[in-house]
Structures are given as C-alpha cells and as structure tokens.
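Okay, structure first, notes after.
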Amino acid sequence: MLTVSGRDGAPRSGTALAARAFALAGVSRDDALVVSAAEFRRAVNVCRAHPKVAVLTAPGAGPAELGRALFPQTPRSFVVCEDVDGPSQRVVHVRPAEATTRPWHKPDVVLVLDNRRAVDAPTWIAGPALREPVWALAQDAFGGEPALTPEARAFALAKLGPRIGDMVWDIGSGDGSVAIECARFGAAAVALDRDDSVCVRLRENVRRHGVRVAVSRGEIGTVVDHLPVPDAVFLADPSPEALATCAAQARHRLVATAPAGAVPALMDVVAGHGFIAHATTLQTTPLSGDAEPPSPITLLWAERPAPVAGAPAAKRIRGIETLPPPPGRSVL
C-alpha cells in the first residue's frame with residue numbers, strides 16, 4: 001500500500017491524499033496514476049509518459065525539482081496542493097518553469113497534467129487508459145517495411161522488460177516500433193534517429209498509436225548528455241562506439257541487432273561496462289500464405305547482474321546467567 005508520513009509523523013494513505021488533492025483542484029481522478037517522489041527518477045518518468053499523475057512529494061523532491069526535471073522537454077501544467085486539510089491549505093495552478101522559482105509551504109501533492117490530451121472515453125475500470133492487450137504488433141502496424149519482424153520485436157521487448165516508471169531509449173529507431181511498443185507498456189521512451197525523413201515517419205507512427213514518445217534527431221554521441229538516464233536501451237546495428245556510449249548510461253538492460261560476425265566484439269564492449277552478455281540468431285518460417293521467410297536476425301542482449309545482498313548481521317544473543325542458590329538451600 002502506498003503510504004506517506006502525515007504532519008504528525010503517522011502513516012497516511014497516499015491514495016487517499018491524492019484523491020483529496022484531485023477534489024481540491026476540481027480535477028477528475030479517473031485514469032490518474034499516483035506515485036511517490038521517494039523514487040524521484042521513476043516518478044519523473046511516469047510524468048513523462050502519462051497525462052495525469054499525482055506525485056506525493058518527499059524531502060528534496062517537490063514542485064521545484066519536478067519542474068526542473070520536466071521543463072522544457074515535457075510540456076505539462078502543475079496543480080500544487082499545500083498543507084492538505086491543514087490550517088494553511090492552498091491550491092496553486094502553476095507552470096513547471098514557475099514552480100522552480102516560487103517558495104512552497106508544505107506541498108503535499110503535485111498534480112502533473114497534460115492539458116493537450118483529450119479526455120479519454122469512459123471505461124469499465126478505474127485507472128490509466130489501457131491499451132489493447134496485444135504486443136509485438138503486426139507487420140503493417142508501422143507503415144512500410146518494419147525494421148524488425150513481430151517475432152524478433154517480441155524477443156527484444158521481453159529482454160528490455162519495459163514497465164511503468166522506466167525510461168527506454170530506441171537508438172537508430174527507424175519506424176519507432178520498439179519505442180512505441182515500450183510506451184504501450186507504460187514506460188517513458190525516447191526514439192533517436194539521424195535521418196530527417198525517418199523522424200517524420202516515426203512521428204506519424206507515434207500519433208497513429210496514441211502514445212507518448214519523445215522523438216529526437218541526431219547521433220547518440222552528440223545528444224547523450226541531453227537525454228534522461230535510461231533503464232533499458234535498444235540499438236539497431238550499432239557501432240562499437242555507439243554501443244559503448246549507451247552501455248555507460250544504461251542502468252539495467254541492453255538489446256541490439258547486429259550482423260552475426262560483429263557480435264563477439266560487441267559482447268566484449270558491453271562486458272567491459274559491467275554487463276553479462278548473450279546473443280542468439282532468430283529464424284522464423286511462416287506456415288501459411290505465400291510469404292517468403294524473413295532473413296535470420298541476430299540479437300545481442302545484456303543485463304547488469306543484480307547486486308548481491310550481504311549476509312545478515314549475526315544477532316547478538318544474551319548469555320544465560322546462572323545464579324548461586326540462596327543460603328541454606330541445596331541444589332538437587
């Protein structure tokens with residue numbers, strides 16, 4: 001259960017606090033996500049990927065810090081709810097840039113809203129709008145010849161493991177299919193390609209699927225310092241230099257396509273950045289229709305090993321103290 005500390009130090013339901021903030025702001029809480037700024041980076045990623053988020057603040061993670069993290073790449077509006085149900089309760093509507101400069105008094109909740117988003121149609125279940133439960137979308141879902149077959153994309157997505165709160169980079173994005181599918185899982189995504197015409201097609205695909213993907217043009221080596229830190233990275237046929245740049249940034253997982261002959265050298269690159277690397281070649285054969293089987297594709301994937309938990313500290317057991325019998329009483 002999501003809890004926060006109340007003004008008296010006692011635990012307080014975070015969802016109830018967020019519901020109260022929505023009521024004070026006059027904003028429907030339907031299709032909203034509620035997150036804690038205690039995991040600030042992940043909370044910011046949720047705000048990047050979703051149109052309506054209630055952020056429960058934490059020390060050093062309030063409206064000003066959210067504004068600095070989101071402005072100007074992610075256009076949003078803030079509703080800051082101060083001292084909710086307290087004597088100095090106040091509701092302030094503010095832009096992210098202004099939030100970085102104003103003084104705040106007990107900002108309990110920040111509602112982060114994308115006002116450009118049309119209101120979703122009513123659904124039978126509360127919470128963020130759900131995508132159709134289909135992934136590894138069909139060949140024709142992205143217009144033109146896809147960069148990856150659905151089968152290869154399914155494998156890549158399984159190794160990337162996108163989830164709400166994650167940031168995923170799609171480098172050499174092409175049709176944007178990997179970034180779009182990650183966004184459909186609720187992750188924040190950045191798609192990067194160096195070709196103007198490819199970026200135009202990429203943006204069209206993003207609009208077609210109704211997701212949020214930040215599209216950027218350029219080479220990873222020149223824009224890396226301007227991108228948010230990724231949890232996972234997908235690369236299409238990377239050079240060793242591009243792979244090394246991404247391996248130095250990725251927190252958890254990497255997936256890349258590559259010619260089979262280039263894979264051993266690329267595996268050495270990611271191993272040098274602390275990853276455990278694997279590779280496989282996929283070949284699929286359609287059993288219906290007259291389509292020619294696609295060419296085999298080789299995928300490299302790597303993950304950082306989970307930190308090993310240290311042995312629990314030994315409990316200090318109090319020794320048993322033996323007392324002598326009282327005078328005049330024998331011990332049997």
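The values are calculated or read from the model by the stated rules, or taken from the named source; none is laboratory data. Just so we're clear, the structure is a prediction, and the values are computed from it rather than from any experiment. Please note: Cβ atoms are built from the backbone with ideal geometry, for glycine as well, and neighbour counts cover all protein chains shown. Side chains included, ligands, DNA and RNA excluded: accessible areas come from the protein's heavy atoms. Shrake-Rupley method; radii C 1.70, N 1.55, O 1.52, S 1.80 Å.
Structure data summary
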| item | result |
| --- | --- |
| One residue from ARG251, ARG212 being part of a loop (DSSP other than H, G, I, E, B), within 22 Å of VAL44 (Cβ to Cβ), at pLDDT below 95 and open to solvent by 30 Å² or more (accessible area, probe 1.4 Å) | ARG212 |
| In the stretch 6-41, the residues that are open to solvent by 60 Å² or more (accessible area, probe 1.4 Å), modelled with pLDDT under 90 and more than 25 Å from the chain's Cα centre (by Cα) | ARG7, ASP8, PRO11, ARG12 |
| Test: residue in the stretch 280-293 that is hydrophobic (A, V, I, L, M, F, W, C) and not in a loop (DSSP other than H, G, I, E, B) | yes |
| Residue that is farthest from the chain's Cα centre (by Cα), among those in the stretch 164-190 that are aliphatic (A, V, I, L, M) and under 11 Å from PRO230 (Cα atoms) | VAL190 |
| Subset of the stretch 42-91 [more than 19 Å from ARG212 (Cβ to Cβ), open to solvent by less than 40 Å² (accessible area, probe 1.4 Å) and not in a helix (DSSP H, G or I)] | LEU56, THR57, ALA58, ALA61, GLY62, VAL79, VAL80, CYS81, GLU82, ASP83, VAL84, GLY86 |
| Residue ID - surrounded by the most Cβ atoms within 10 Å (Cβ to Cβ), chosen from residues in the stretch 226-248 that are part of a helix (DSSP H, G or I) and modelled with pLDDT of 95 or more | LEU243 |
| Answer residue from the stretch 254-266, given it is assigned to a helix (DSSP H, G or I) and open to solvent by 50 Å² or more (accessible area, probe 1.4 Å) and is farthest from PRO230 (Cα to Cα) among those | GLY261 |
| Pairs, first in contact (Cβ under 8 Å) with a residue 60 or more places away in the chain in the stretch 31-52, second open to solvent by 30 Å² or more (accessible area, probe 1.4 Å) and of a type in the set (Asp, Glu), C-beta under 7 Å, six or more apart | ASP31/ASP120; LYS52/ASP31 |
| Residue pairs meeting the criteria (Cβ under 9 Å; at least 6 apart or on separate chains; first more than 10 Å from VAL44 (Cβ to Cβ) and among the polar types (S, T, N, Q), in the stretch 55-68; second open to solvent by less than 10 Å² (accessible area, probe 1.4 Å) and not in a strand (DSSP E or B)) | THR57/ALA37; THR57/PRO63; THR57/LEU66 |
| Residue within the stretch 180-187 that is out of contact with any Gly (no Cβ under 9 Å at 6 or more places or on another chain), touching a residue at least 24 places away in the same chain (Cβ under 8 Å), under 24 Å from THR281 (Cβ atoms) and open to solvent by less than 60 Å² (accessible area, probe 1.4 Å) present | yes |
| Residue list for the stretch 103-150, filter: under 18 Å from ARG208 (Cα atoms), open to solvent by less than 40 Å² (accessible area, probe 1.4 Å) and either modelled with pLDDT under 65 or β-branched (Val, Ile, Thr) (or both) | none |
| Given (1) part of a helix (DSSP H, G or I); (2) surrounded by 13 or more Cβ atoms within 10 Å (Cβ to Cβ), index of the condition THR222 fails | (2) |
| Top-ranked residue in the stretch 188-200 [being crowded, with 19+ Cβ neighbours inside 10 Å and of a type outside the set (A, V, I, L, M); ranked as farthest from VAL168 (Cα to Cα)] | CYS199 |
